[in-house]
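The values are calculated or read from the model by the stated rules, or taken from the named source; none is laboratory data. Remember, predicted model here, so these are calculated numbers, not experimental data. Counting neighbours? That spans all protein chains shown, and the Cβs are built from the backbone with ideal geometry, glycine included.
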Amino acid sequence: MTARREIESVTNRIRERSLATREAYLARVEDAAAKGVYRSTLSCGNLAHGFAACSPRDKAALSGDTIPNLGIITAYNDMLSAHQPYETFPRLIKEAAEEAGGVAQVAGGVPAMCDGVTQGQAGMQLSLFSRDVIALATAVGLSHNMFDAAVYLGICDKIVPGLAIAALTFGHLPAVFIPAGPMTSGLPNDEKARVRQLYAEGKVGRDALLDAESKSYHGPGTCTFYGTANSNQMLMEIMGLHTPGSSFVNPNTPLRDALTREAAQRALAITALGNEYTPVGRMIDERSIVNGVVGLNATGGSTNHTMHLVAMAAAAGIKLTWADIAEISEHVPLIARVYPNGLADVNHFHAAGGIGFLVRELLDAGLLHEDVQTIWGQGLRRYAVEAKLAADGSVTREDAPPASGDEKVLVPVAKAFQPAGGIRLLKGNLGQAIIKVSAVRPQHRVVEAPAIVFHAQDELQAAFQAGELDRDFIAVLRFQGPKANGMPELHKLTPVLGVLQDRGHRVALVTDGRMSGASGKVPAAIHVTPEAADGGNIARIENGDRLRLDAEAGTLEILVAADELARRQPAAGNLSSEHFGVGRELFAGFRQLVSRADQGAAVF
């Protein structure tokens, strides 16, 4: 089935823009693939080092070049709930590989930090940069040239994009991403948000807040709201990098273990040693990237992916822009409501029909490219299914349910919650910015008010506590971009601004920082580019200047005469204190090299 004209038009524009870089990339992929199994080029000393710790059976297998070897890149650690389940995955993968006549080795580990732990802390300034560290660490692991394919164990915010960038850099290798699944449902998200606002107002204490948070984040698996981590899982499946139906199966269940074994065996089946060779660099093309953008908008996914998808696409020689993402958003309806865009969590989404239902609806509406290659074979229709556990312990699949199990959570395209997606591009004399409106009520999408300028989250919170913000205003939080301090997420501001909006004030946020998948009910123009540290006009805003954020018209303006604005000297951020401590001094080179947010905020 052919995608709609509007989707084809954006895809063709991306393809034409990317022609030279994509051709050069594919030439590198083909050159690497033509060299065959890399172990055959290793010296005896090289190879002996590469399998010294293996069993006699695996040593014998790896001595030649006819047995496939699967490299495992893992983001396991046992502090973070989402990655703790990965502890047992290498054993399952190795057993599955042996059953399939192959070998599997852990090629390397990558860091996995949690934005939930570092939120509002100095460590958050390493968060975005950790994506590129993960890509670099993956490259080190795969550089030994021992592998015929790779599986990637990662799930959360920067981990999956970093792994994807690295996988596409090693584009001659097949790549299969293996999720660990979400934790079971805990305290409802709306109740958690209510307690957070009460705490911000001083109406409950820390003990009540910690109790609510602990009941929300209570066990192994990803957090259950639809932030960047769960947006990652949707993307990997709709782009064909997961096995069908695997994204939102809870960890430590028989079905999850069966899916993990199946994914390992599928990775071995699509190496160059078999008949279904599927190098990821050839598999992921402009259509796959567009499908990811469609899925992001249809589900109200994380704004972080306006940077991550740009960077991932660039790793495959594809030039994706914010304008492409925004144009796709205009034609893709919102058909899922998962917190913060609704009250449900991802377990409710999965139970209502999940990604199988989502894929079928979007395909039938002509909003996805069906004719794509996936790790499961040709055609995205293969993903319009539900995965279940067969009597023999293997995975079986059925067609996605014909109707949603809960139309408060997931609906067919004909009953869409809103006609356009949740991510929009803002333009004006402050530059470009991203806004997510799927959780913002229409009456709050246009705000014109005086600016109050802050250079730190704590300044805004202190002003709130002092009673200085009980009025209409637009908070300007600057020097939060990638060049300034690594572009931290600013979730600590959500309860404060939510309280003020609930009191009837017209409020909004304008920042060169991030809000991510937790962008909620308060309008927030984020990722403002050029950022303050790069001389952007956000650095020229003064207290009392009138700003206008219009998410309907797609504009972001400072209502100051152009000549007056040009005369102003940009403010200087006092950032020296933010460049040291918790390892921030080690990232000075990253802050100097990093590209703009609209270019992916990458250091490569």
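Every test in (1) crowded, with 20+ Cβ neighbours inside 10 Å; (2) more than 19 Å from residue 599 (Cβ to Cβ); (3) of a type in the set (Val, Ile, Thr) is passed by residue 446 save one, and that test is (1). The set of residues in the range 504-553 being on the phi > 0 side of the Ramachandran plot and in contact with an Asp or Glu (Cβ under 9 Å, 6 or more places away or on another chain) consists of 516, 527. Candidates 154, 141: the one that is surrounded by fewer than 24 Cβ atoms within 10 Å (Cβ to Cβ) and either over 23 Å from the mean Cα position of the chain (by Cα) or in the same structural domain as residue 234 (by TED's automatic domain parsing) (or both) is 141. Identification of helices (runs of 4 or more DSSP H) wholly contained in the range 1-108 with 1 or more residues that are more than 27 Å from residue 318 (Cα to Cα), over 29 Å from the mean Cα position of the chain (by Cα) and touching a residue at least 40 places away in the same chain (Cβ under 8 Å) yields 44-51, 56-63, 89-99.
Remark: pairs (first residue in the range 529-540, more than 13 Å from residue 565 (Cα to Cα); second residue basic (Lys, Arg) and part of a helix (DSSP H, G or I); Cβ separation under 7 Å; 6+ apart in sequence or on different chains) = 531/483; 533/483; 534/483.
When the residues of the range 368-397 are filtered to those that are assigned to a loop (DSSP other than H, G, I, E, B) and of a type in the set (Asp, Glu), the one that is nearest to residue 244 (Cα to Cα) is 370.
Picking from residues in the range 195-235 that are exposed (fewer than 15 other Cβ atoms within 10 Å of the Cβ) and of a type in the set (Lys, Arg), the one that is nearest to residue 340 (Cα to Cα) is 215. Do we find that residue 199 is more than 24 Å from the chain's Cα centre (by Cα), outside the structural domain of residue 277 (by TED's automatic domain parsing) and at pLDDT below 95 in this structure? Criteria met by residue 199. Considering only the range 492-505, I want to know if a residue exists there that is at pLDDT 95 or above and surrounded by 22 or more Cβ atoms within 10 Å (Cβ to Cβ). So far as the range 492-505 goes, no, none of its residues is at pLDDT 95 or above and surrounded by 22 or more Cβ atoms within 10 Å (Cβ to Cβ). Checking each residue in the range 24-78 for being under 18 Å from residue 267 (Cα atoms), among the polar types (S, T, N, Q) and buried (at least 16 other Cβ atoms within 10 Å of the Cβ) picks out 69, 74.
Table: residues versus (1) touching a helix residue (DSSP H, G or I) at 6+ places or on another chain (Cβ under 8 Å); (2) assigned to a strand (DSSP E or B); (3) closer than 27 Å to residue 419 by Cα; (4) of a type in the set (A, V, I, L, M, F, W, C).
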| residue | (1), (2), (3), (4) |
| --- | --- |
| 449 | no, yes, no, yes |
| 467 | no, no, no, no |
| 474 | no, yes, no, yes |
| 491 | yes, no, no, no |
| 498 | yes, no, yes, no |
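When the helices (runs of 4 or more DSSP H) confined to the range 119-235 are screened for residues that are closer than 24 Å to residue 281 by Cβ and not charged (D, E, K, R), those reaching at least 1 such residues are found at 127-142, 159-169. Residues of the range 296-315 include at least one that is in the same structural domain as residue 13 (by TED's automatic domain parsing), surrounded by fewer than 22 Cβ atoms within 10 Å (Cβ to Cβ) and not in a loop (DSSP other than H, G, I, E, B).
For residue 275, the requirement of being modelled with pLDDT of 95 or more, surrounded by fewer than 24 Cβ atoms within 10 Å (Cβ to Cβ) and in a loop (DSSP other than H, G, I, E, B) is not met. Taking the range 80-95 as the range and being surrounded by fewer than 24 Cβ atoms within 10 Å (Cβ to Cβ) and of a type in the set (A, V, I, L, M, F, W, C) as the test, the residues that pass are 80, 92. Taking the range 138-165 as the range and being of a type in the set (A, V, I, L, M, F, W, C) and under 21 Å from residue 222 (Cβ atoms) as the test, the residues that pass are 151, 153, 155, 156, 159, 160, 163, 164, 165.
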